[in-house]
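Engineer: First the structure, then my questions, so here it is.
The values are calculated or read from the model by the stated rules, or taken from the named source; none is laboratory data. Source: prediction; values computed, not measured. FYI the Cβ positions are ideal-geometry reconstructions off the backbone, even for glycines, and counts take in every protein chain you see. Note: accessible area is taken over every heavy atom of the protein model, side chains too, but ligands, DNA and RNA are not part of it. Shrake-Rupley method; radii C 1.70, N 1.55, O 1.52, S 1.80 Å.
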Amino acid sequence: MLQIAFIRENQEKVINALAKRNMDAKSIVEEVVQLDEKRRATQVELDGILSESNKLSKDIGDLMKAGEKSKAAILKEKTVLLKEKSKVLAENAVVLANELTEKLYTLPNLPADIVPVGKTPEDNLNVFEEGDIPVLHEGAQPHWELVKKYDIIDFELGVKITGAGFPVYKGKGARLQRALINYFLDKNTDAGYKEMQVPHLVNEASAYGTGQLPDKEGQMYHDATDDLYLIPTAEVPVTNIFRDVILSENELPVKYTGYTPCFRREAGSYGAHVRGLNRLHQFDKVEIVRVEHPDNSYAALDNMVEHVKSILQELKLPYRILRLCGGDMGFTSALTYDFEVYSTAQERWLEISSVSNFETFQANRLKLRFKDKDGKNQLAHTLNGSSLALPRVLAGILENYQTPEGIVIPEVLRSYCGFDIID
């Protein structure tokens with residue numbers, strides 16, 4: 001959530017920055033500022049009445065001590081009127097504060113200066129590309145055919161048990177999935193990230209805290225009975241560890257990693273581009289989360305990008321890194337880099353990671369602060385990244401490593417799998 005003081009003092013800057021997201025924010029920014037002015041004026045009036053009431057109470061006490069009961073009674077009548085007025089003002093202040101918060105929830109984060117202008121994924125900037133695209137043998141197949149051939153993932157069985165988008169991993173497919181999870185976690189912990197096991201359901205406050213609500217309400221599975229949400233990513237519970245927390249400056253940075261299944265409704269997703277593992281309702285992902293001093297967050301973002309690169313280099317998959325344009329960035333992000341693996345069998349790029357800096361946007365919602373050297377509370381910066389999302393990484397491995405004899409396992413995973421080939 002954007003800070004109201006910043007919006008109030010930088011209205012044109014906010015409007016111009018959100019234009020990079022192809023959003024005409026002029027009217028809502030003006031409405032936010034007007035609501036804030038009303039709220040502040042109401043609070044000032046309320047504070048004045050409360051101050052006057054406190055003074056009258058003291059005066060009444062002094063008059064009673066002096067035996068001037070008639071004068072004290074006159075002042076008591078005045079305090080009754082002030083109390084009624086203060087009650088109305090306090091109620092109005094709460095209503096205005098809630099209205100202001102709801103309006104602020106509709107404003108996305110401001111893009112960083114280096115975010116490219118653009119409306120669609122085609123406008124994203126390719127900033128890095130590495131790895132040779134393999135030349136596959138004649139008759140090479142996309143992964144949804146390979147998993148049938150080798151009986152390692154069963155999409156139809158998942159439909160029977162639950163529905164489309166909930167695959168069942170079998171035999172060497174399940175082993176490879178588990179190997180990837182363990183490998184990713186080991187890479188992350190070796191890089192200084194502390195492993196956390198977190199709940200897979202979160203309350204409404206947690207979903208608001210990281211920005212999934214109200215922006216992505218339609219994409220989340222919701223248990224109405226207990227008012228809990230299945231997590232779309234480990235980012236939500238891991239980051240909410242720090243909701244309403246004040247860290248000391250010397251505790252920064254905080255670096256956490258966690259594996260969770262993830263659940264997304266992905267309403268309206270159809271077509272060949274979402275076949276097989278390309279788009280699922282339930283999938284596994286290993287996440288990295290950082291809490292940083294504002295002065296260090298962009299260096300931390302670069303470090304996270306290099307970390308994800310090192311994983312893909314070890315997997316020896318061809319990949320590229322995109323700096324997302326304003327129109328393709330997530331609601332909460334100030335700057336995002338997407339990693340994509342090339343699927344040779346599908347002849348297309350598959351997104352397998354997003355690494356983002358949210359600056360103070362999440363921290364403001366979470367009330368996540370740190371006490372600086374001067375003893376003042378400051379909002380921290382939060383970052384997160386997929387390290388990595390499994391379905392499309394698995395799809396890339398199955399397709400790019402296929403041979404006439406079977407699917408060769410990347411060398412770095414063989415000790416985790418316990419086998420060298422799926423045949």
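Engineer: When you go through Gly209, Gly165 one by one, which is the residue that is touching a His at 6+ places or on another chain (Cβ under 8 Å) and not charged (D, E, K, R)? Spell out how you get there, then give the answer.
Structural biologist: Values: Gly209 fails: touching a His at 6+ places or on another chain (Cβ under 8 Å).
Step by step, each of Gly209, Gly165 is checked, and only Gly165 is touching a His at 6+ places or on another chain (Cβ under 8 Å) and not charged (D, E, K, R).
Engineer: Let me ask something else. Under 6 Å between Cβ atoms, which residue pairs at least 6 apart in sequence (or on different chains) link something in region 403-423 that is under 21 Å from Lys187 (Cα atoms) with a partner that is in a loop (DSSP other than H, G, I, E, B) and modelled with pLDDT under 95?
Structural biologist: none
Engineer: Kindly indicate which of Gly173, Gly131 is touching a residue at least 24 places away in the same chain (Cβ under 8 Å), surrounded by 19 or more Cβ atoms within 10 Å (Cβ to Cβ) and not hydrophobic (A, V, I, L, M, F, W, C). Can you show your working first?
Structural biologist: Numbers: Gly131 fails: surrounded by 19 or more Cβ atoms within 10 Å (Cβ to Cβ).
Of Gly173, Gly131, the one residue that is touching a residue at least 24 places away in the same chain (Cβ under 8 Å), surrounded by 19 or more Cβ atoms within 10 Å (Cβ to Cβ) and not hydrophobic (A, V, I, L, M, F, W, C) is Gly173.
Engineer: Being in contact with a Phe, Trp or Tyr (Cβ under 8 Å, 6 or more places away or on another chain) and crowded, with 20+ Cβ neighbours inside 10 Å is true for just one of Tyr342, Tyr337, Tyr401. Which residue is that? Talk me through it step by step, then tell me what you get.
Structural biologist: On the way: Tyr337 fails: in contact with a Phe, Trp or Tyr (Cβ under 8 Å, 6 or more places away or on another chain); Tyr401 fails: in contact with a Phe, Trp or Tyr (Cβ under 8 Å, 6 or more places away or on another chain).
None of the others qualify; the one that does is Tyr342.
Engineer: In region 268-316, which residues are at pLDDT below 95, closer than 20 Å to Glu340 by Cα and of a type in the set (Gly, Ala, Ser)?
Structural biologist: Across region 268-316, the qualifying residues are Ser269, Gly271, Ala272, Gly276.
Engineer: Only one of Leu383, Leu379 is buried (at least 24 other Cβ atoms within 10 Å of the Cβ) and either small (Gly, Ala, Ser) or in contact (Cβ under 8 Å) with a residue 12 or more places away in the chain (or both); which?
Structural biologist: Numbers: Leu379 fails: buried (at least 24 other Cβ atoms within 10 Å of the Cβ).
One residue alone meets the criteria, Leu383.
Here is a yes/no grid of residues against (1) of a type in the set (A, V, I, L, M, F, W, C); (2) crowded, with 17+ Cβ neighbours inside 10 Å; (3) more than 26 Å from the chain's Cα centre (by Cα):
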{"residue": "Thr120", "(1), (2), (3)": "no, no, no"}
{"residue": "Asp123", "(1), (2), (3)": "no, no, no"}
{"residue": "Asp151", "(1), (2), (3)": "no, no, yes"}
{"residue": "Phe155", "(1), (2), (3)": "yes, yes, yes"}
{"residue": "Gly163", "(1), (2), (3)": "no, no, yes"}
{"residue": "Arg178", "(1), (2), (3)": "no, no, no"}
{"residue": "Tyr183", "(1), (2), (3)": "no, yes, no"}
{"residue": "Asp190", "(1), (2), (3)": "no, no, no"}
{"residue": "Met196", "(1), (2), (3)": "yes, no, no"}
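Engineer: Just to be sure I understand, how many residues within region 221-238 are within 13 Å of the chain's Cα centre (by Cα) and of a type outside the set (Ser, Thr, Tyr)?
Structural biologist: Here is the first cut: in region 221-238, the ones within 13 Å of the chain's Cα centre (by Cα) are 231-238.
Checking the rest, the ones that are also of a type outside the set (Ser, Thr, Tyr) come to 231-232, 234-238.
Summing the residues that are within 13 Å of the chain's Cα centre (by Cα) and of a type outside the set (Ser, Thr, Tyr) in region 221-238 gives 7.
Engineer: Collect the residues in region 300-349 that are over 26 Å from Asp190 (Cβ atoms), touching a helix residue (DSSP H, G or I) at 6+ places or on another chain (Cβ under 9 Å), in a loop (DSSP other than H, G, I, E, B) and of a type in the set (A, V, I, L, M), keeping them in residue-number order.
Structural biologist: Of everything in region 300-349, those that are over 26 Å from Asp190 (Cβ atoms), touching a helix residue (DSSP H, G or I) at 6+ places or on another chain (Cβ under 9 Å), in a loop (DSSP other than H, G, I, E, B) and of a type in the set (A, V, I, L, M) turn out to be Leu324, Ala334, Ala345.
Engineer: Another one. Can you spot a residue in region 54-66 that is open to solvent by 80 Å² or more (accessible area, probe 1.4 Å) and within 30 Å of Thr101 (Cβ to Cβ)?
Structural biologist: Yes: one or more hits.
Engineer: Restricting to region 208-265, name every residue that is open to solvent by 70 Å² or more (accessible area, probe 1.4 Å), in contact (Cβ under 8 Å) with a residue 24 or more places away in the chain and of a type in the set (Val, Ile, Thr).
Structural biologist: Within region 208-265, Ile246 is the sole residue that qualifies.
Engineer: Considering only region 340-355, state which residues are of a type outside the set (Lys, Arg) and in contact (Cβ under 8 Å) with a residue 40 or more places away in the chain. Show your work before the answer.
Structural biologist: Within region 340-355, the subset of a type outside the set (Lys, Arg) is 340-347, 349-355.
Those that are of a type outside the set (Lys, Arg) and in contact (Cβ under 8 Å) with a residue 40 or more places away in the chain: Val341, Tyr342, Ser343, Thr344, Ala345, Gln346, Leu350, Glu351, Ile352, Ser353, Val355.
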